[in-house]
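J.: Just dropping this structure here.
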């Protein structure tokens, strides 16, 4: 099974909504992106954002990234990137976040474990993710060449590898086409969902997570998955409360996903929730949060409900298996994993359901 790269750190996120809906996309705009536009830090990337409700950029493996970069280098057809900008604020990616991130990963030598990613996640990157990033770098550098190889070849063309020399003459003329959405933020948001539903359909669970991004259930899910690192959806709250949310999320992440699950399994010291960077991890955490009764209907404007929910979730995780005095000691190797060592989401959820039923009877 192909291992997906986690490229979410390369393009920042921001609130898509605009208070003044009269602001709209104003030209003239860039019509293409060249290699220099993908460098971080850089003028273009400093103003580029993904909408805060967009899915994480973690659907491509090393081969797909390599093929996209190769197509770009060879002048093959690459679909246009669709952007939207209002007034003098950020430029948002409506369609093409994976394409931009793939080329940026190559240009910045960051496939999920480089300088940009480490800073974004405050060095809290799972070892398996770092290993996947390292393997991707080896594959792409071997088959295409590193971006640095092309820059070095400008000074020493005779010593460059043949596959670098071959592309060097047309290197500076390659560009990615851009299209722009006109209109206010509501039109841009509508365009985002329409485009993304038609290309890679968003599942019902993913739509529910996007709609709950300002509700305790959505805030808790995002915070728990990355242990309080990455884009901080809770940063709009008062600073001290936001810090508490981040701290509790980090504790819960460790309770669910530590120690890190490595295959093949050679120890019974296993995490409750499998791998925290699996493609379905966010959906699993969201279902966990809802199962434990976290508010999924009303937005949290202060952060207090989110913090209360995180404390409740922490207690539930401690009750299943932890060194905490309240722990029932339900060892994951016995109650959650299969005989062959596979993590079973249904078994994990069953423990939570049983725990919730027990607490209901007790109360």
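Just so you know, all these numbers are worked out from the coordinates, no wet-lab data involved. Values in this document were obtained by computation on a predicted structure and should not be read as measured data. All Cβ positions, even for glycine, are placed from backbone atoms using ideal geometry, and neighbour counts span all protein chains on display.
J.: For a quick protection proxy, order the peptides 340-347, 307-314, 136-143 by their average other-Cβ count within 10 Å, most packed first.
T.: In descending order of packing, they fall as 307-314, 136-143, 340-347.
J.: Using helices alone, what [θ] at 222 nm do you get for the chain, with -39,500 (n - 2.57) per DSSP H run of 4 or more residues, divided over all residues and rounded to the nearest 500?
T.: Calculated at 222 nm, the ellipticity per residue is -14500 deg cm²/dmol.
J.: Which distance in nm do the two modelled labels at residue 80 and residue 240 give, with both placed 7 Å along the Cα-to-Cβ direction?
T.: Each label point lies 7 Å from its Cα, and together they span 5.2 nm.
J.: Helix 345-362 against the longest principal axis of the chain: what's the angle in degrees, Cα atoms only, rounded to the nearest 10?
T.: Tilt relative to the chain: about 40 degrees.
J.: Still on this structure, I have one more. With a point put 7 Å past each Cα toward its Cβ, work out how far residue 327 is from residue 61 in nm, to one decimal.
T.: That separation, rounded to one decimal, is 3.6 nm.
J.: Please compute the Cα-Cα pair-distance distribution of the chain with 10 Å bins starting at 0, giving whole percents from short to long.
T.: Whole-percent P(r) values from 0 Å outward: 5, 22, 30, 24, 14, 5, 1, 0.
J.: Mind giving me the FRET efficiency for residue 15 and residue 162? R0 is 41 Å, r the Cβ-Cβ distance, nearest 0.05 is fine. Please list the in-between numbers first.
T.: Details: r = 48 Å, r/R0 = 1.17.
The pair residue 15/residue 162 has a calculated efficiency of 0.30.
J.: What's the ranking of 220-227, 110-117 by average number of surrounding C-beta atoms within 10 Å, highest first? Mind showing how you got there, number by number?
T.: Details: 220-227: 26.9, 110-117: 22.4.
Per-residue mean Cβ counts within 10 Å order the peptides as 220-227, 110-117.
J.: Still on this structure, please answer the following. Restricted to Cα positions, what overall size does the stretch 1-201 have along the principal axes? Three whole-Å values, descending.
T.: Projected onto the principal axes, the Cα atoms of the stretch 1-201 cover 56, 38, 30 Å.
J.: Let me ask something else about it. Could you state the angle between the C-alpha long axis of helix 97-108 and the longest principal axis of the C-alpha atoms of the chain, as a value from 0 to 90 degrees rounded to the nearest 10?
T.: Roughly 70 degrees between the two axes.
J.: Mind giving me the FRET efficiency for residue 155 and residue 258? R0 is 56 Å, r the Cβ-Cβ distance, nearest 0.05 is fine.
T.: Taking R0 as 56 Å, the efficiency between residue 155 and residue 258 is 0.75.
J.: Between residue 32 and residue 280, what FRET efficiency comes out of the Förster formula 1/(1 + (r/R0)^6) with R0 = 51 Å and r the beta carbon distance, rounded to 0.05? The partial results should precede the final answer.
T.: Working: r = 36 Å, r/R0 = 0.71.
Given R0 = 51 Å and the Cβ-Cβ separation, E is 0.90.
J.: Moving to a separate point now. Helix 304-320 against the longest principal axis of the chain: what's the angle in degrees, Cα atoms only, rounded to the nearest 10?
T.: 70
J.: A follow-up question, please. Would you give the gap between the C-alpha center of the stretch 66-143 and the C-alpha center of the stretch 237-258, rounded to a whole Å?
T.: The stretch 66-143 and the stretch 237-258 have Cα centres spaced 28 Å from each other.
J.: Going by average Cβ neighbours within 10 Å, how do the peptides 209-219, 62-72, 97-107 rank, with the highest at the top?
T.: Ranking the peptides 209-219, 62-72, 97-107 by packing returns 97-107, 209-219, 62-72.
J.: Suppose the chain between residue 127 and residue 315 were pulled fully straight at 0.36 nm per residue; how much longer would it get relative to their current alpha carbon spacing?
T.: Here the answer is 65.0 nm.
J.: Could you estimate the translational diffusion coefficient of the stretch 203-363 from the Stokes-Einstein equation, with Rh from the Kirkwood formula over C-alpha pairs, at 25 °C and 0.890 mPa s, in whole µm²/s?
T.: My calculation gives 154 µm²/s for D.
J.: So what is the relative contact order of the chain, in percent, for Cα pairs below 8 Å that sit 6 or more residues apart?
T.: 17
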